[in-house]
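Data first, discussion second: the structure below is written as structure tokens.
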Amino acid sequence: MKIFVASLPFEIDDSELKGFFEPFGEVSSAKVIVDKATGRSRGFGFVDMPDEGMAKAAIAQLDGADVDGRTIVVKESEKQ
DNA sequence: TATGAGCGA
């Protein structure tokens, strides 16, 4: 299941993003989107978890979580 | 800060 994560702190990178989801189950991939024109984080990213149940559990636990003083948004991706 | 990038293993 593909997961969309928004409102991420700019300091977050792929490894840290993956670290947030790993406690809930296997994470097949995690990527923080970076503006290739400026090289800065866009403040959102994607995580893919093969197990839907684990993915939904992760979403439920991480959506609205406070990270570095910022409330992140975690939801199922809109696109495949 | 709100839906992507990848050309190599």
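Would you confirm whether or not segment A:20-27 contains a residue that is within 11 Å of DNA strand B (Cβ to nearest atom) and open to solvent by 60 Å² or more (accessible area, probe 1.4 Å)? Even if it seems obvious, please write down each step before you answer.
Step one: filter segment A:20-27 for residues within 11 Å of DNA strand B (Cβ to nearest atom), giving none.
The answer is no, given that none of the residues of segment A:20-27 is within 11 Å of DNA strand B (Cβ to nearest atom) and open to solvent by 60 Å² or more (accessible area, probe 1.4 Å).
Among the residues that make up segment A:28-35, is at least one of them open to solvent by 90 Å² or more (accessible area, probe 1.4 Å) and free of Cβ contacts under 8 Å to residues at least 40 places away in the same chain? Lay out the reasoning, then the answer.
Filtering segment A:28-35 down to residues open to solvent by 90 Å² or more (accessible area, probe 1.4 Å) leaves A:31.
Within this subset, residues satisfying the condition of being free of Cβ contacts under 8 Å to residues at least 40 places away in the same chain are A:31.
Within segment A:28-35, one or more residues are open to solvent by 90 Å² or more (accessible area, probe 1.4 Å) and free of Cβ contacts under 8 Å to residues at least 40 places away in the same chain.
Check A:Ile72 against each of (1) open to solvent by 50 Å² or more (accessible area, probe 1.4 Å); (2) touching a residue at least 60 places away in the same chain (Cβ under 8 Å) and name the one condition it does not meet.
The one condition A:Ile72 does not meet is (1).
For segment A:45-68, enumerate the residues that are open to solvent by 50 Å² or more (accessible area, probe 1.4 Å) and near DNA strand B (Cβ under 9 Å from one of its atoms).
Hits for segment A:45-68 are A:Phe46, A:Asp68.
Looking at segment A:35-54, which of the residues that are over 10 Å from the mean Cα position of the chain (by Cα), among the hydrophobic types (A, V, I, L, M, F, W, C) and at pLDDT 95 or above is nearest to A:Ile3 (Cα to Cα)?
By that ranking, first place goes to A:Met49.
The values are calculated or read from the model by the stated rules, or taken from the named source; none is laboratory data. Keep in mind that this is a model prediction, so the values were computed, not measured. Here Cβ is always computed from backbone atoms with ideal geometry, including for glycine, and neighbour counts include all displayed protein chains. Heads up: the accessible areas ignore ligands, DNA and RNA and are worked out on the full protein's heavy atoms, side chains in. Shrake-Rupley method; radii C 1.70, N 1.55, O 1.52, S 1.80 Å.
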